[in-house]
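Remarks on the structure that follows.
What follows draws every value from the coordinates through simple rules; no lab data is involved. Keep in mind it's a predicted model, so treat the numbers as computed, not measured. Using ideal geometry, Cβ is built from the backbone for each residue, glycine included, and neighbour counts are taken over all protein chains shown.
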Amino acid sequence: MYKKTVFSIVMALLCLSFTSYGQSGTSGLQAVELGEAVPDSLLDKPLEVINGPNGRKITTLRSYKGKLIILDFWATWCGACVSAFPKLDSLQKLFPGSLKILLVNSQNTGDSPEKVKTLLERSRHSGYELSSLVKDTVLSRLFRHQMIPHYVWLRNDTVLATTSSSELSAEHIRSVLNFGVFKPDIKKDVLDFDLDKPLFFGGNGGTGDQILYRSQISGAISGIASQTLATKNKSGMIQRYCCLNASRIDLFRLAYNAMSIPRNRIYIMSDSLNILQRKTEESPNFCFELICPPSSIDVVKSRMRMQLEQYFGWSVALEEKRVTCLVLKDVGYRKFDSGLPVGYLFDSQETRNYIRGQQLSLLINHLNQKLSLPLLDESGFSTPVNLDLPQDLTNLPALKACLEKQGLSLTEQLRTLAVLVFRPVNKL
């Protein structure tokens, strides 16, 4: 179980109310959309009202037949709603007999009739004569919305428009009354938005086309090859950078432009011992994606480094260290021709591995991905070589013995090398 916490930011005269208007006792009631008529059965439904004309406590929509009706869905805690009351009152007085503005306070706002009455009485003392439905469970379901204030324009029992307060003007009302013409900016709330789901996940809030910046890290995605890709604009600037199914180590190597650093030159600083330990085990794979304003690769990598550090709790630095290495030297090499084809075979399933007519760097690079100690080539060879190799290239004694027979020595020595050092940091 978990507790759901919703943080609301209420700014002066601005009311963003993420309110669900599912009503009790109105099952089967269908929402009325733009251009649709209000069902006859609801036109005569008694509605409880405060500050009704001539002190009436019950009203109906049909009682305003022939008028332009503007329903104002509001709450006492909505600053933007209450601040619009003077404007609403002045419009209603400007078109007497032709316009009816009816406030609608839904049961789901949490307002009590007493609280609504107190606020409206204060408004009346200020000269505003506005009526409000209270404990509404019908109109809020009929005219579904998510944010308040929300205004529904009804003309001849038909939904003419749903708007925000910016469309409330004498010019618009006059146009409707005189010509039946109204082309407002329609207010259309996202009714299926789920506060408990991530933005745009499964279409929650849209397709995500409006994303300006997003960074995410996930576990591996099965069935997708490990790869890195960048989406660029016409100017060559990067807008999306994505690394699929890569280990944590490789994500950091990529972010620090250190892919040329072999794995056997990667060291982890122990939390408890505060000593460097060579990284040997392979971590699980992850996916990383960054969507950002058009940026250079340097800016993208900088952002990537920050996100990786925050999530994984590591800081990374390229440092010069005195470390134990395997050093390959020429002690009398001779190039033999055993009739094997030009090429190489590095396969632990085969009984015989070899390299024929290829640069020695091919073997060095391969071994640096397999051996725990960094391997340095100090043989001085610049021409292709022929070498027979043991079945298991990670069997160091067997590899040393095999190379020694062919005039090459492989010994452990100290060297100063560039290594990638991971140190723990406090996670945010």
Problem - Charge dipole magnitude, Cβ of K and R +1, D and E -1 - the chain, Cα centre, debye nearest 20 - result: 620
Fill in the blank from the handout: Going fewest to most other Cβ atoms within 10 Å around each Cβ, T59, T207, T394 line up as T207, T394, T59
Exercise for the section: Tell me the trypsin sites (Lys or Arg not before Pro) within segment 195-251 that lie in a loop according to DSSP and have at most 13 other beta-carbon atoms within 10 Å. Expected result: K234
Handout entry: Whole-number D in µm² s⁻¹ for the chain, Kirkwood Cα-pair radius fed into Stokes-Einstein, 25 °C, 0.890 mPa s
Key = 86
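Starting from segment 91-130, pick out the GluC sites (Glu not before Pro) whose DSSP state is loop and whose Cβ has at most 15 other Cβ atoms within 10 Å. Before the final figure, lay out the partial values.
Working: sites: E114, E121, E129; in loops: E129.
Passing both the DSSP loop test and the Cβ count: E129.
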Practice task
For the chain, build the charge dipole from Cβ charges (+1 Lys, Arg; -1 Asp, Glu) around the Cα centre, then report which of T411, S132, P294 sits farthest towards its positive end.
Solution key: S132
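What FRET efficiency would be calculated for the residue pair L345, V190, taking the C-beta separation as r and a Förster radius of 56 Å, to the nearest 0.05?
Numbers: r = 60 Å, r/R0 = 1.08.
My answer for the efficiency is 0.40.
Could you work out how much longer the chain between R124 and D388 gets when fully extended? Use 0.36 nm per residue separation minus the Cα distance between them, nm to one decimal. Don't skip to the end; give the middle numbers.
Numbers: separation 264, 0.36 × 264 = 95.04 nm, distance 10.02 nm.
Here the segment from R124 to D388 would lengthen by 85.0 nm.
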Exercise for the section: Subtract the Cα-Cα distance of A37 and R56 from 0.36 nm times their separation in residues, and report this length gain in nm to one decimal. Expected result: 4.2 nm
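Express as a percent, rounded to the nearest 5, the fraction of DSSP beta bridges in segment 40-179 (both residues included) that run antiparallel. Can you show the working numbers first?
Working: 14 of 25 bridges.
For segment 40-179, the DSSP antiparallel bridge percentage is about 55.
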Completion exercise
Shape descriptors of segment 207-316 over alpha-carbon atoms, Rg and Dmax in angstrom, are 15.1, 51
Exercise for the section: Under 30 Å between C-alpha atoms is the cut-off here; go through segment 111-213 and count lysine pairs that meet it, provided they're at least eight residues apart or on different chains. Expected result: 11
Handout entry: Whole-percent pair-distance distribution, where bins are 10 Å wide, for the alpha carbons of segment 376-428
Key = 17, 37, 25, 11, 8, 2
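What does the charge dipole of segment 100-141 about its Cα centre add up to, to the nearest 20 debye, if the Cβ of each Lys and Arg holds +1 and the Cβ of each Asp and Glu holds -1? Could the numbers behind the result be given before it?
On the way: 7 positive and 5 negative charges, 10 e Å.
Value, rounded to 20: 40 debye.
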Problem - Coarse-grained scattering of segment 40-179 at q = 0.09, 0.13, 0.20 Å⁻¹, given as base-10 log I(q)/I(0) from a Debye sum over alpha-carbon atoms - result: -0.23, -0.50, -1.35
Practice task
Could you pull out every residue, at least 5 positions away or on a different chain, whose amide H is within less than 5 Å of the one on S315? Hs are placed 1.01 Å off N in the peptide plane, and Pro or chain starts have none.
Solution key: R423, V425
Completion exercise
Taking 0.36 nm per residue of separation between A398 and L229 and subtracting their Cα-Cα distance, the length gained on full extension comes to 56.8 nm
